[in-house]
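Shown next, in structure tokens, is the structure this report addresses.
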Amino acid sequence: MAGQPQIDSSVPHSARIWNYWLNGKENYPVDREVGDEFLRIFPAQADIARHSRAFLGRAVRYLAGEAGIRQFLDIGTGLPTVDNTHEVAQRAAPDARIVYVDNDPLVLTHARALLSSSPAGATSYIDADIRDPDVILAKAAETLDFGRPVALLLLGILGHLTDEEDPEGVLARLVAPLAPGSHVVINDGTDVFGTPGEDGVDDTARARAITRYVEAGGIAYNLRSPERITGFFTGMDLVEPGVVTVSRWRTEPSPFEEPPEVDAFCGVARIR
């Protein structure tokens with residue numbers, strides 16, 4: 001296909017590594033090798049990936065169901081796996097409209113090939129970077145009606161912005177045109193449960209794993225505190241239970257004990 005990006009299976013790819021952690025099939029031996037090295041240093045990453053994905057499903061079900069949202073803007077899509085945003089939303093509301101955004105041609109190629117809308121709804125894809133919110137909003141407006149509530153999903157993406165790139169400012173620009181009743185969903189990595197390394201340096205296993213991950217070709221990720229993540233929702237009304245670890249946001253009732261806390265915190269908030 002003309003314009004389709006060439007896939008180099010000899011170089012590890014961040015999206016494919018994450019796909020591997022989620023037991024997906026869109027990955028190569030080099031991705032599994034780097035993913036396994038990350039898990040060797042920081043085994044809890046497997047649980048973080050699994051619980052983060054489960055949070056997406058619960059949040060979208062809440063939004064499409066109880067909150068009555070029919071439009072979704074999912075920035076930082078990642079490679080398709082089971083229960084993608086449009087699939088969860090359109091099971092609850094077949095007329096839901098979803099726009100996926102990613103700046104990785106590989107991700108977009110897979111998305112266009114594997115993700116399709118229900119007949120009553122719509123699914124589209126934008127090649128854009130979160131650092132260009134005006135471009136995202138302009139292109140998303142071709143599918144979404146910003147005069148009506150929209151759910152803005154930022155799952156594991158704000159951590160890719162450095163403090164110098166002003167994640168709060170980028171978020172404010174994305175939220176500015178959203179109608180009252182819109183919702184913002186954020187999930188970001190933390191390091192509150194880590195312990196310093198054996199060499200006494202104040203770096204945790206997760207921080208060391210991320211350093212090795214970047215050296216191997218992964219995309220840099222900036223861990224932030226739960227308090228900083230809570231600050232992203234300033235001026236919005238947080239949905240209960242507020243900002244919590246992803247494993248404990250509105251988990252389904254179970255006869256078993258509460259799931260363990262993991263180093264990724266999340267929240268869902270309503271725009272006034």
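The values are calculated or read from the model by the stated rules, or taken from the named source; none is laboratory data. Bear in mind that the values here come from a model prediction, so they are computed numbers and not experimental data. Quick reminder, even Gly has a Cβ in these numbers, built from the backbone with ideal geometry, and neighbours come from all protein chains shown.
Odds and ends about this structure:
- Enumeration of residues in the stretch 19-55 that are closer than 19 Å to Thr245 by Cα and either at pLDDT below 90 or part of a loop (DSSP other than H, G, I, E, B) (or both): Leu22, Phe42, Pro43, Ala44
- Filtered residues of the stretch 222-260 (kept if at pLDDT below 95 and touching a helix residue (DSSP H, G or I) at 6+ places or on another chain (Cβ under 6 Å)): Asn222, Pro259
- Just so you know, in the stretch 152-170 the residues that are touching a residue at least 24 places away in the same chain (Cβ under 8 Å) and more than 14 Å from the chain's Cα centre (by Cα) include one that is surrounded by the most Cβ atoms within 10 Å (Cβ to Cβ), and it is Pro167.
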